[in-house]
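Taken together, the values in this text are just the output of simple stated rules run on the coordinates, not laboratory data. Just so it is clear, the structure is predicted and the values come from calculations on it, not from any experiment. Neighbour counts run over all protein chains shown; Cβ positions are idealised from the backbone, glycine included.
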Amino acid sequence: MPANMKGVMNPQDIFQKLQPSGPSLDSTKGILNSSVFETHDYVYVRIPLKKDEWVKQLRIYYTSNQLIVEHIPLHEDKHTITLPAIVKKKGATATFKESMLEVKIPKNVDLQFSQIDVTEIY
């Protein structure tokens, strides 16, 4: 392989990075199977629930960059999902339909920029 090709990425690596982010393991083992994506205004987290009764026992919390889901499938379970963008403190909604829990959180668009001066050191 030529020396100038060492930094080129494998096409298979590109396709792996395009897969939905977040944990994606089987929920029968106690690990959440979720998909996370964002639009211009919202971040969506979709979690398939094996049992409809889980909706009554789960608790959902979020920070500016994480979604925390507790008490499913077991009461002592806690799952943390990293969000792809910073979100607002208020305005999140969660809906459950056809065994799919969908959490919709508005993105926080921060247009404040701070300039950083670069000093040269000799």
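Data table
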item	result
Extension reserve of the K88-Q66 stretch, reckoned as 0.36 nm per residue once the Cα distance is removed	6.8 nm
Rounded to whole Hz, the Karplus (6.51, -1.76, 1.60) HN-Hα couplings of the range 81-88, x for glycine and proline	10, 7, 8, x, 8, 6, 10, 6
Cβ-Cβ FRET estimate between K51 and N108, R0 fixed at 35 Å, reported to 0.05	0.55
Distant-in-sequence amide H partners of Y42 (H built 1.01 Å from N, under 5 Å)	K107
Sequence-distant residues sharing a close amide H with L83 (under 5 Å, placed H)	Q66, L67
Dipole in debye (nearest 20) - the range 50-106, about Cα centre, beta carbon charges: Lys, Arg +1; Asp, Glu -1	300
